[in-house]
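What follows draws every value from the coordinates through simple rules; no lab data is involved. Predicted, not measured: the structure shown is a model, and the values here were computed from it. As a convention, Cβ positions derive from the backbone with ideal geometry for all residues, glycine included, and neighbour counts pool all protein chains shown.
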Amino acid sequence: MSGALERTPLHLLLDRHPCVGDFLGALGLDAGDGQRPLGDWLRHLPDEELFDAGMAREQMLAHIQRLIGEVEDMARASRPLRSLTLLGGRDKSGQAENVELEVRAGEVVCIVGPTGSGKSRLLADIECLAQGDTPTGRRILLDGQPPGDERRYAPDRKLVAQLSQNMNFVVDLSVRDFITLHARCRMVADVEGMAEQVIACANGLTGEKFSPEVSVTQLSGGQTRALMIADAALLSASPVVLIDEIENAGVDRKRALRLLSGGDKIVLISTHDPLLALRGDRRLVIRNGGIAEVITTGDGERDNLERLETLDGLLMDVRDRLRRGLRIEDRLEWPH
Amino acid sequence: MRLITVAGSPSVGKTSVILRAAEILHRDGLAVGIAKFDSLSTGDDALYEQRGFPVVTGLAGALCPDHYFVSNIEDCLAWGQRRGLDVLISESAGLCNRCSPHIDGIYALCVVDALAGVHTPRKIGPMLRLADLVVITKGDIVSQVEREVFAYQVRLANPGARALFCNGITGQGADEVARALRNAPVVPELEGRHLRFPMPAAVCPYCVGETAIGETHQRGNVKKMRFRDLESGVNP
């Protein structure tokens, strides 16, 4: 196979696999007119240029071959995940958890418990697809089967997208360029169209709309969250989304969860927020490092959730009026 | 004894990743030691000692740290054997992106920092491109999108390697690093082995202390920049 690669004229290779051009460009090598076969071109490269580039000819050939393979691999659509199963391990005192929890695509499970109880450890166990090899001894199954190594060690095809609270943007790009960059990595067919869709969707989640031209570093906390949720729902390859709290400022939590579960994601949220915790289908109670209880959201809880949402709407309304410089003199009507 | 070479630019979190993984290996009953290479000074040996890991330190001073590393790694290996270690981890800072510390047949790890920006992986040379495992740090403080784009860029920069995220502060991901280290090949000796790629070269008067500027001092391995406007037939 490497023989066939060596005999391929460089211009054909660059045409078929833009990643090869990027790679040679990053090494500072000039492909010339590209008429020569790859092997021939490599043989004619001066040693000095190879030395500067930091790779020997055969290393470069092997690299190009693997690169083409990987990119083809990435472009192949991944099999959708139908369920994730958590097999309990033990808590901090070594007590068995006695839990077997199956979460299906489209389901939202919340994780509640005091700070330091082990919520992050649970998210970490799921994130690394633990196989009894973490301190909790938990195991994670995908569609009922233990995951293979290739699933555990391919970070760009990671099963789990994690939206944490203390995230920053490092790149200084406009929202449109940023999401387009992601779409290109995901190798979607219509890159621009997808970016528009993600941005429109994010604007649907946040009270403060933003333009695709604004730099990502200028987004507010709420806008950032909305953008990351829309991206996770529509563009991320990961079928599992772990969320570490959604701050209430400026994100429509109800719509956000509907968007994620509607995209057939498996959603786990670590939260203290009653509006989120009660909106989950189930919630895990973490105590002393272990899952102490699995609670299915009851009918009474759903009724209370509606009352809380009315109350929250009232608060949001007051916040909005304050923001617009209005007075809050009229007696507020509490929901009954 | 197993030997692992760990390299990465300054401040990417090499020491934190090594500490997290070493703690896991230690918990599993393995004797882990560290050979720490740095240029001028280091406080990391204290961090290792604090946690009970034997450490030996080498400061390259005025020498290229890469060259210093390869001239001393055999002695470090012998030190680890004398100490009865099961795992020896060498940590060296890749001060320039052309660094090339990895050795054929020795498990090679490169640490990169997600904060460095999505274009960084393609700018790092043999240190990243010829590593067996790429560990990405500080992923928790960048957005999920940048994590995915960064990981994609790492994969393009080294399609043969495994890559994973590790949080040096919480230890998330360290289990996977430790598992990889546990399976590193056993290395009885280094004599006769080769670097995966030659190190950056520099043999000129400036290597040995010349400070004066001027063409007469530029002898030996000298490379000059090209200026297109000085080349014939090209307008400035």
Antiparallel bridges, percent of DSSP beta bridges restricted to region A:221-308 (to nearest 5) | 55 percent
In whole Hz, what ³J(HN,Hα) sequence does region A:36-52 give by Karplus (6.51, -1.76, 1.60; θ = phi - 60°), x for Gly and Pro?
-> 6, x, 3, x, 5, 4, 4, 5, 8, 5, x, 3, 4, 5, 5, 5, 5
Considering only DSSP beta bridges with both partners in chain B, what is the antiparallel share in %, to the nearest 5?
-> 5 percent
Surrounding charge for B:THR57, neighbours by C-beta under 15 angstrom, Lys/Arg +1, Asp/Glu -1, total -3
A correct fewest-to-most ranking of B:PHE197, A:PHE51 by other Cβ atoms within 10 Å would be A:PHE51, B:PHE197
Restricting to lysines and to Cα separations under 25 Å from A:LYS254, and discarding same-chain partners fewer than 8 apart, the set is A:LYS119, A:LYS209, A:LYS265
Share of Cα-Cα pairs in region B:2-182 beyond 26 Å, in percent?
-> 23 percent
Looking at region B:164-206, which GluC sites (Glu not before Pro) are DSSP coil and have at most 15 other C-beta atoms within 10 Å of their C-beta?
-> B:GLU189, B:GLU191
Among the Cα-Cα pairs of region A:111-219, the proportion with separation greater than 16 Å, in percent, is 71 percent
Order by neighbour count: A:ASP264, B:ASP113, fewest other Cβ atoms within 10 Å first, most last.
-> A:ASP264, B:ASP113
Whole-Hz couplings from phi, Karplus 6.51/-1.76/1.60, listed for region A:253-266; x for Gly and Pro = 5, 4, 5, 4, 5, 5, 4, 5, 6, x, x, 6, 7, 9
Under Karplus coefficients 6.51, -1.76 and 1.60, residue-wise ³J(HN,Hα) of region B:64-79 in Hz, glycine/proline x = 4, x, 5, 5, 4, 4, 6, 7, 10, 5, 4, 5, 5, 4, 5, 4
Of all DSSP beta bridges in the protein assembly as shown, antiparallel share, percent nearest 5 = 30 percent
Residues B:PHE150, B:PHE165 arranged by fewest to most Cβ contacts within 10 Å | B:PHE165, B:PHE150
Largest-first principal axis extents of the Cα set of the protein assembly as shown (Å) | 90, 65, 51
Counting Lys +1, Arg +1, Asp -1, Glu -1, what net charge surrounds A:PHE23 among other residues with beta carbon under 10 Å of its beta carbon?
-> +1
Could you please state, rounded to a whole Å, how far the C-alpha centre of region A:219-247 is from the C-alpha centre of region B:1-75?
-> 37 Å
Specify the inter-centroid distance of region A:197-217 and region A:66-104, based on alpha-carbon positions, in whole Å.
-> 31 Å
Could you give P(r) for region A:2-75, binned at 10 Å from zero, as whole percent values over all Cα-Cα pairs?
-> 19, 60, 20, 1
Chain B - mean residue ellipticity at 222 nm from DSSP helices (-39,500 (n - 2.57) per run, n ≥ 4, rounded to 500) | -8500 deg cm²/dmol
